[in-house]
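Asks: One structure is given below, represented as structure tokens, and several questions about it will come after.
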Amino acid sequence: MARDGIVLLDSAGQIAEMNAEARRLLNCVEADLTGLDFWDAVLPDVAEPHQLATAQAMQRLEEHSFVAHSKFEGDWLEYTFRPCPAGYVVNLKDVTPVQSLQLLLADSEFTNRLLFRSSPNAMWVFDVTSLQVIDVNQAAADFYGISKNNFLSLKVGALFPDGSGAALFSSVRSAGTAHLALQICRQVKGDGSVVLVELACARITWHDHEAMLVSLADVTERHISDRTLRREILELQQSLASQGEALKNALSDVSAMTFALSNDLQVPLHAANGFASMLDEKYGLHLDDAGRHYIKRIQASTRKMAGLVDDLRTLVQVPQLSDEPEKVDVSVLCDPILQDLRTRYPDRVVTFEINAPVAVVANKRLLGIALTCLLKNAWKFTSKKPVGWINVVIFASEAPGELVLQVSDNGEGFDPAYRDKLFMAFQRLHSAADYPGNGLGLVTVKRVAERHGGKVWAESTPTGASFYMALPQPQGVHANPLAH
């Protein structure tokens, strides 16, 4: 009933008796091996390497053991010969699992040592008790500029310029931790130069030594780069602070200019226009045609200048308006603008249509400014049509969460080759004599779109032109139908 195989040999080495487990291990369950020499009962690849040494031990009546591998069976058996009064007892034990684990362990150790030797990272190993270096790879020898033989004669302290190495690693031993987190420290090379490294280590067993594996990387250049980068960041921050102060001053100047546009420039313009009107009224009959023409030219110029001042003031104010976005009914914004145009130009025949079934989330005042510019622009360029039409449409863009405001007209249109100039300040694609203006309306529309994070573009069509303003909508807000 023994778990191990047991074979009893007589003094001549012949099999006298064996148990069932021995028969199984020797692959002779059915055969009767009594009286057979023991070595004839085992495979030749087991007998040949071990028979002589075993016979010599048996002659000296000594215990003898060996482990043999059967290539045919693929298993490992441990053979133990012990002398007894009748001859010898042979114990057979299946040690295949143990041997397999040992082979795996040996392969693992071989692989680890191979990786250690061939690793491009500098690595070395030292004994945790004596702090003596016991192994080093070629990458470390090259990094330090120290031959392997000389390296193996060093203790840990020799590689640290300030004696911090012993304290560093002793803290790992005392803490009982298995590894040390990355540390930035200095190292001394073979030529005495000091470099900055990023160092990590871990406790291991190395050739039966309780040891520490050290891996490091040279970070001297990176440290210099980081220091340079920090200096550049500081300089950039100082530059940004200076530019921020300059911007603050510029905004202050813009505010002052806006006030001047709103007050100081308007007053003399109104005065000049008023005196010109009084001159025409009181002394017009005493002037010849040329004089009256000059008065008309003065009045037209002051009105044009006043309009330019108004447009410039509007353009300057766009970045300063910071009302909270709200849901806006575009049709409601359009009504007073169109009413004003119809009042000022009662002889014009213009059909106006609006298809804006959804509310737009936007800065209401800025959107009103943009709509004023777009509708005035459409009204102006349809002035030579017997019957003009203007359409305002709101539709969902292909971009998620974005609505597009489209204003179309059947006016003069424009040359597509000059499309990029439409939204530039003071750029005009038509004669001022045909279509008066100063070229600031569409620039203002562009500024309004940009304040909303959107964009503008235009298309010329066979029947006129269309202008578009994309307005991103807040996340989670969908195109909401207007409540009626």
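Each reported figure results from applying straightforward, stated rules to the coordinates on display, with no laboratory input. These numbers were taken from a predicted model, which means no experiment stands behind them. Please note: Cβ atoms are built from the backbone with ideal geometry, for glycine as well, and neighbour counts cover all protein chains shown.
Asks: List the lysines whose Cα sits under 19 Å from the Cα of Lys93, skipping any in the same chain fewer than 8 residues away.
Replies: Within reach: Lys71.
Asks: Within straight cross-link reach of Lys155, meaning Cα distance under 19 Å, which aspartates and glutamates are found once same-chain residues fewer than 8 apart are removed?
Replies: Straight-distance partners of Lys155: Asp127, Asp135, Asp142, Asp191, Asp208, Glu210.
Asks: Can you tell me which of 289-298, 84-93 comes out highest on packing, and rank the rest after it, using the mean Cβ neighbours within 10 Å? Numbers along the way, then the final one.
Replies: Working: 289-298: 12.7, 84-93: 15.6.
Peptide ranking by packing, descending: 84-93, 289-298.
Asks: Also, I was wondering about something else. In what sequence, highest mean first, do 208-215, 130-137, 368-375, 273-280 appear when ranked by Cβ atoms within 10 angstrom?
Replies: Ranked by mean Cβ neighbours within 10 Å, highest first: 368-375, 130-137, 208-215, 273-280.
Asks: Ok, one more. Beta carbons within 10 angstrom, averaged per residue: use that to sort the peptides 396-408, 186-198, highest first. Provide the component values of the computation, followed by the final result.
Replies: Values: 396-408: 16.5, 186-198: 14.4.
The densest-packed peptide leads the list: 396-408, 186-198.
Asks: Then there's this: Just to confirm my numbers, what's the Cα centroid distance between the range 27-66 and the range 358-380 in Å?
Replies: One Cα centre to the other: 106 Å.
Asks: Here's another thing I want to ask about it. Are any of the pairs Lys296/Lys385; Lys364/Lys455; Lys364/Lys384; Lys421/Lys446; Lys364/Lys385; Lys380/Lys421 more than 22 Å apart by Cα-Cα distance, and if so, which? Kindly include the intermediate steps, with their values, before the conclusion.
Replies: Working: Lys296/Lys385 27 Å; Lys364/Lys455 17 Å; Lys364/Lys384 32 Å; Lys421/Lys446 12 Å; Lys364/Lys385 32 Å; Lys380/Lys421 18 Å.
Over 22 Å Cα-Cα: Lys296/Lys385; Lys364/Lys384; Lys364/Lys385.
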